[in-house]
């Protein structure tokens, strides 16, 4: 597991220690105008602390403001008093480490922010403590490997990103560990051969893509292995088609194989 980046520690610590003043008001008494927060009926940007509460009387959220912008620590709670989220702000933008928790106290998400955008490794967990996903961000965009797991710990998907777009290989699995899907992407678009399988391991479909459009043969099979459909595409448009029922007998239309 990668350690928390040093820049997050350097940025977060002074924000945690800093204060925005003693004045505290209900969040309902504040209003935002053009990105700046004011007390209702006031023309002076608000500096101080605001809070809101759940219907059961427990605190819901607490924020700090400086000159009308969020500054320092902002905290949210679940109805059962368990902390829900902690995030830091600088000049109105998220900065440093942000952490969220499930209602049972288990960590839900964790990741860094820089100038209001997600940065570096971000992680997510299920309520039972098992990892749900992990993804890298650069300037707020997905960049690098994104991985997702089922709650039983089995890997569900792996997707590569570059500058926020899918790039290179995508892999997907069923909860039983059998492969569900495989395909390549280029600059965010499907490119080349894509394959899909049934949960029993038999091939379900295969298709060729070029620049995000179907191009070439697209084939689909029944779960018993019998060919179901064969369509030929050029630049995303179908040019020929053949269909069969589950017994292997030719049929005239796609609708007939759905019966």
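What is the list of residues in the range 69-104 whose amide nitrogen lies under 19 Å from a point 7 angstrom out from the Cα of residue 55, following Cα to Cβ?
Flagged as within label range: 77-82.
For a quick protection proxy, order the peptides 246-255, 160-169, 173-182 by their average other-Cβ count within 10 Å, most packed first. Walk me through the numbers before you get to the answer.
On the way: 246-255: 10.5, 160-169: 16.6, 173-182: 15.0.
Averaged packing, sorted descending, gives the order 160-169, 173-182, 246-255.
Taking the mean number of other Cβ atoms within 10 Å as a proxy for protection, how do you rank 71-79, 197-205, 31-39 from highest to lowest? Don't skip to the answer; put the middle values down first.
Details: 71-79: 18.4, 197-205: 14.6, 31-39: 12.6.
Result, highest mean first: 71-79, 197-205, 31-39.
Listed highest first by mean packing, meaning other Cβ atoms within 10 Å per residue, what order do 109-119, 40-50 come in? Can you show the working numbers first?
Numbers: 109-119: 18.8, 40-50: 14.3.
Those peptides, ordered most packed to least, come out 109-119, 40-50.
Could you please state, rounded to a whole Å, how far the C-alpha centre of the range 45-93 is from the C-alpha centre of the range 142-182?
Measuring centre to centre over Cα atoms gives 35 Å.
Could you work out how far apart the two model spin labels at residue 193 and residue 211 are, taking each label as a point 7 Å from the Cα in the direction of the beta carbon, and quote it in nm?
With each label placed 7 Å out from Cα toward Cβ, I get 2.3 nm.
Provide the convex hull volume over Cα atoms per residue for the chain, in Å³. Walk me through the numbers on the way to the answer.
Details: hull volume 49.9 nm³, N = 259.
So the per-residue hull volume is 193 Å³.
Largest first and to the nearest Å, give the Cα extent of the range 70-163 along each principal axis.
Extents along the principal axes, in whole Å: 39, 36, 12.
For residue 230 and residue 154, compute 0.36 nm times the residue count separating them, minus their Cα-Cα distance, and round to one decimal in nm. Walk me through the intermediate numbers first.
Values: separation 76, 0.36 × 76 = 27.36 nm, distance 3.27 nm.
Fully extending the segment from residue 230 to residue 154 adds 24.1 nm.
At q = 0.11, 0.12, 0.25, 0.29 Å⁻¹, what log₁₀ I(q)/I(0) does a Debye calculation on the Cα points of the range 51-116 give, no solvent, two decimals?
With no solvent term, the Cα-only Debye profile gives -0.27, -0.32, -1.02, -1.14.
Tell me, what is the FRET efficiency for residue 104 and residue 40 to the nearest 0.05, using R0 = 45 angstrom and their Cβ-Cβ distance as r?
Numbers: r = 37 Å, r/R0 = 0.83.
Efficiency for this residue pair is about 0.75.
Taking a label point 7 Å from the Cα of residue 257 along the Cα→Cβ vector, which residues of the range 154-195 have an amide N closer than 17 Å to it?
194-195
For residue 169 and residue 23 in the same chain, what is the full-extension length gain: residue separation times 0.36 nm, less their Cα-Cα distance, in nm? Write down the numbers at each step before the final one.
Working: separation 146, 0.36 × 146 = 52.56 nm, distance 5.33 nm.
Length difference between fully extended and current span is 47.2 nm.
For the residue pair residue 238 and residue 176, what label-to-label distance in nm results when each label sits 7 Å from Cα along the Cα-to-beta-carbon direction?
Placing both labels 7 Å along Cα→Cβ, they lie 3.1 nm apart.
Taking a ≥ b ≥ c as the square roots of the eigenvalues of the Cα gyration tensor of the range 143-259, is the shape rounded (a/c under 1.5), prolate (a/b larger than b/c) or oblate? Mind dumping the intermediate values first?
Details: a/c = 3.59, a/b = 1.38, b/c = 2.59.
Oblate, because a/c is 1.5 or more while a/b does not exceed b/c.
Provide the FRET efficiency to the nearest 0.05 for the residue 67-residue 133 pair, computing r from the beta carbons and using R0 = 45 Å. The partial results should precede the final answer.
On the way: r = 37 Å, r/R0 = 0.81.
Rounded to the nearest 0.05, the efficiency is 0.75.
Every number here is computed from the coordinates shown, using simple stated rules; none is lab data. The shown structure was predicted, so the numbers you read here are calculated from the model rather than taken from an experiment. Glycine gets a Cβ as well: all are built from the backbone with ideal geometry, and neighbour counts include every protein chain shown.
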